[in-house]
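Okay, so here's the structure we're looking at.
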Amino acid sequence: MPEPKIPGPDHPITVTATPKRMQVRYGDHVIADSAMALTLQESTYPAVIYFPREDVSMEFFSRTEKTTHCPYKGDANYYTILMDGRFADNAVWTYEHPYPAMESIQDRLAFYPNQVEIYEVGDADDAAAVKEAVLHTDDGAGSSQKEPWAPTVGEPG
């Protein structure tokens, strides 16, 4: 795997709690609905909303062979949406093993806005909890913004 680039002043990347409840619609169906979405703003690119996998209807997705590499985030995998006899090829991507600086988007899903409709539906129920999770991840400089949470399991035996 190539050496990761670290976000910084020349290429800033921020991940923040999305203050609104967000949905994704494909055709006539809501395929994602979350009050725990994250917004990733990378340099001058348009912001991207990342949805927790558990808030997405994965039964309509088919994993594809496509992968891409971002020097800041790592390797992305893709899904095609299959629904009602229609498909949106490689419309969804995920970083299952992102670089440490982008750990907060691990296993979350993002959607191409030209393939689906992404919109706000009200205030997020628990934006503070999402913010707290983001603050416990790497800030891009190789150190956490806050002390890591205590492990939830003991040492392996």
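Looking at Thr68, Thr16, which is the one that is open to solvent by 30 Å² or more (accessible area, probe 1.4 Å), assigned to a strand (DSSP E or B), touching a residue at least 40 places away in the same chain (Cβ under 8 Å) and not charged (D, E, K, R)?
Working: Thr68 fails: touching a residue at least 40 places away in the same chain (Cβ under 8 Å).
So the residue among Thr68, Thr16 that is open to solvent by 30 Å² or more (accessible area, probe 1.4 Å), assigned to a strand (DSSP E or B), touching a residue at least 40 places away in the same chain (Cβ under 8 Å) and not charged (D, E, K, R) is Thr16.
Quick check on this structure: which one of Glu155, Glu132 is part of a loop (DSSP other than H, G, I, E, B) and modelled with pLDDT under 95?
Values: Glu132 fails: part of a loop (DSSP other than H, G, I, E, B).
Within the list Glu155, Glu132, the selection yields Glu155.
Looking at (1) over 12 Å from the mean Cα position of the chain (by Cα); (2) open to solvent by 70 Å² or more (accessible area, probe 1.4 Å), which one does His11 not meet, given that it meets all the others?
If we test His11 against (1) over 12 Å from the mean Cα position of the chain (by Cα); (2) open to solvent by 70 Å² or more (accessible area, probe 1.4 Å), just (2) comes out false.
Does the range 78-87 hold any residues that are out of contact with any helix residue (DSSP H, G or I) (no Cβ under 7 Å at 6 or more places or on another chain), more than 13 Å from Ala32 (Cβ to Cβ) and part of a strand (DSSP E or B), and which are they?
Passing the criteria: Tyr78, Thr80, Arg86, Phe87.
Being polar (S, T, N, Q), surrounded by 15 or more Cβ atoms within 10 Å (Cβ to Cβ) and within 10 Å of the chain's Cα centre (by Cα) is the requirement here; does Thr39 meet it? It would help to see each step written out before you state the result.
Details: polar (S, T, N, Q): yes; surrounded by 15 or more Cβ atoms within 10 Å (Cβ to Cβ): yes; within 10 Å of the chain's Cα centre (by Cα): yes.
So Thr39 fits the description; yes.
Being without any contact (Cβ under 8 Å) to a residue 60 or more places away in the chain and either touching a strand residue (DSSP E or B) at 6+ places or on another chain (Cβ under 7 Å) or closer than 25 Å to Ile81 by Cβ (or both) is true for just one of Val24, Val56. Which residue is that?
Details: Val24 fails: without any contact (Cβ under 8 Å) to a residue 60 or more places away in the chain.
So the residue among Val24, Val56 that is without any contact (Cβ under 8 Å) to a residue 60 or more places away in the chain and either touching a strand residue (DSSP E or B) at 6+ places or on another chain (Cβ under 7 Å) or closer than 25 Å to Ile81 by Cβ (or both) is Val56.
Sort through Phe60, Phe87, Phe51 and tell me the only one that's open to solvent by less than 40 Å² (accessible area, probe 1.4 Å), among the aromatic types (Phe, Trp, Tyr) and either over 16 Å from the mean Cα position of the chain (by Cα) or closer than 18 Å to Pro19 by Cα (or both).
Phe51
The values are calculated or read from the model by the stated rules, or taken from the named source; none is laboratory data. Everything numeric here is computed off the predicted structure, so don't read it as measured data. Don't worry about glycine lacking a Cβ; one is built from the backbone with ideal geometry, like all the others, and counts go over all protein chains shown. Remember, those area values only see protein heavy atoms, side chains included, never the ligands or the DNA or RNA. Shrake-Rupley method; radii C 1.70, N 1.55, O 1.52, S 1.80 Å.
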